[in-house]
1. Which residues, counting only those in the stretch 168-189, are in contact (Cβ under 8 Å) with a residue 60 or more places away in the chain and out of contact with any Ser or Thr (no Cβ under 7 Å at 6 or more places or on another chain)?
2. Picking from LYS217, LYS201, which residue would you name as being surrounded by fewer than 18 Cβ atoms within 10 Å (Cβ to Cβ) and in contact with a Gly (Cβ under 6 Å, 6 or more places away or on another chain)?
3. Looking only at the stretch 296-346, which residues are in a loop (DSSP other than H, G, I, E, B), surrounded by fewer than 19 Cβ atoms within 10 Å (Cβ to Cβ) and of a type in the set (Val, Ile, Thr)?
4. Which one is farthest from the chain's Cα centre (by Cα), of the residues in the stretch 110-136 that are under 14 Å from ILE172 (Cα atoms) and not in a loop (DSSP other than H, G, I, E, B)?
5. Of the conditions (1) away from the ligand (no atom under 16 Å from the Cβ); (2) surrounded by fewer than 23 Cβ atoms within 10 Å (Cβ to Cβ); (3) closer than 22 Å to ILE253 by Cα; (4) in the same structural domain as PHE118 (by TED's automatic domain parsing), THR285 satisfies every one except a single condition; which number is it?
6. Here are some conditions: (1) modelled with pLDDT of 95 or more; (2) among the aliphatic types (A, V, I, L, M); (3) assigned to a strand (DSSP E or B). LEU354 meets all but one. Which one does it not meet?
7. Among the residues of the stretch 174-198 satisfying the criterion of being in contact with a helix residue (DSSP H, G or I) (Cβ under 8 Å, 6 or more places away or on another chain) and either under 10 Å from GLY230 (Cα atoms) or of a type in the set (Asp, Glu) (or both), which is surrounded by the most Cβ atoms within 10 Å (Cβ to Cβ)?
8. Output the residues belonging to the stretch 68-101 that are within 11 Å of the ligand (Cβ to nearest atom), closer than 17 Å to TYR129 by Cα and either of a type in the set (A, V, I, L, M, F, W, C) or in contact with a Pro (Cβ under 8 Å, 6 or more places away or on another chain) (or both).
Amino acid sequence: MLYELLIKGGEMIDPKQGIHELRDIAINQGKIAAIAKDIALNEAKKVIDAKNKIITPGLIDLHTHVAEAIMPIAVTPDEAGVYSGVTTACDAGSTGYATFNKFKKLIIPYAQTDILCFLHLSPTGQEIYPEICWHDINPKRMLTLIQENKEIVKGIKIRAGAHLIKNHGISIVKTAKKITNEANIPLGVHVGLGFEDNLPKITLDDFNAEMLNLLDKGDILFHTYTQRDGGVIKPDGSILGELKDAMKRGVVIDVSPAQSHFSFKLAKIGLDQGVIPTTISTDITITNYKGPVLFSLPVVMSKFLALGLTLNQVIEKTTIKPAIVLNEEKNRGSLEVSRPADISILELKKGNFLFSDGKAGNTLHGTQLIVPKLTIKKGVEIETKPRFRNFNPSDELTLTKGA
Ligand SMILES: [Zn+2]
């Protein structure tokens, strides 16, 4: 029997299986048919030469906004997804129970990328800001929706912004936790205020401490390295004690940097003190996907290489780790025979690269850039559209002004 497709000569990195060496991968009928050190060329109808390329499980972006035309700044799903080497994009709260059906019927079926989501606690999700309307939260309706859409809805999202903290306080987190406990899915919490908001630091720290204490194993903290007020890692080098306790309990530390929710300085403080991200994600929207800061998941992964993580680590944090968070580890995040052939073919470019953390106004030099070369989605080849910035010395000045 001839295989339909053979990916030949690539360096396969699959942290779930502990594999980091040359492997050939054969595909049939949308599934991985064989993985071996050498599969002969004449065993396949078509061969992709993957020499000097890295082959990984299809990347998973845990925090995207792809409910296009529902959430005003959401991006076209495949720009966040397959065009960037990402085969599964999880939308983080763009829709709530009142808007989810539009997302399900008008967006999700037309994307080549698999789309999962966190349902927002607010009925209209992030279609309207500020989004929390306490009297309209409807746990019963949410639980029914979650039950009926288990294959899509993988968690609940709230934004711990000024509106929520001032008007409702911790009761909202408790309401969200009741629903996630009953549905047996995780809660994802955004931290960090809007730029126009301000609340006393003491109030914010008290709220965050109480909020973190409510999070259980598998719940997620988004924007962990945010430079905005209301962050958990501080410019003076201190870290909220409750964050470390939460990490010990197994709370997921996510990056979701966007272009104003991240700081290289705070990331270094965190990494030096053991606040290593569980998952690396983007928080991609139309405001950041064309750069000059965020671009795509592979660029965020490259920033973490420049911050000192290994290639294996950044691939683990974008494959099997988010798969576990989404309770999808049996279907996604690893290359095993008989699984769907969701595969990213990446190139590790060497050179001088200048990265920006956006509004925080810091730059970081790196020597490696991960570039998506080809995406395989259920066995189908999809051309990528890599977005990144080539190094140019004059960029340093522009970028440090804060994008
Ligand atoms: Zn977001």
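1. First pass over the stretch 168-189, keeping only residues in contact (Cβ under 8 Å) with a residue 60 or more places away in the chain: 185-186, 188.
Once the filter is applied, which keeps residues that are in contact (Cβ under 8 Å) with a residue 60 or more places away in the chain and out of contact with any Ser or Thr (no Cβ under 7 Å at 6 or more places or on another chain), the stretch 168-189 yields ILE185, GLY188.
2. Sole residue among the options that is surrounded by fewer than 18 Cβ atoms within 10 Å (Cβ to Cβ) and in contact with a Gly (Cβ under 6 Å, 6 or more places away or on another chain): LYS217.
3. THR310, VAL337 - these are the residues of the stretch 296-346 that are in a loop (DSSP other than H, G, I, E, B), surrounded by fewer than 19 Cβ atoms within 10 Å (Cβ to Cβ) and of a type in the set (Val, Ile, Thr).
4. Step by step, filter the stretch 110-136, then rank; the result is HIS135.
5. Condition (1) is where THR285 drops out.
6. (1)
7. So the residue we want is VAL191.
8. Listed by number, the residues that qualify are MET71, ILE73, ALA74, ALA92.
The values are calculated or read from the model by the stated rules, or taken from the named source; none is laboratory data. The shown structure was predicted, so the numbers you read here are calculated from the model rather than taken from an experiment. Glycine gets a Cβ as well: all are built from the backbone with ideal geometry, and neighbour counts include every protein chain shown.
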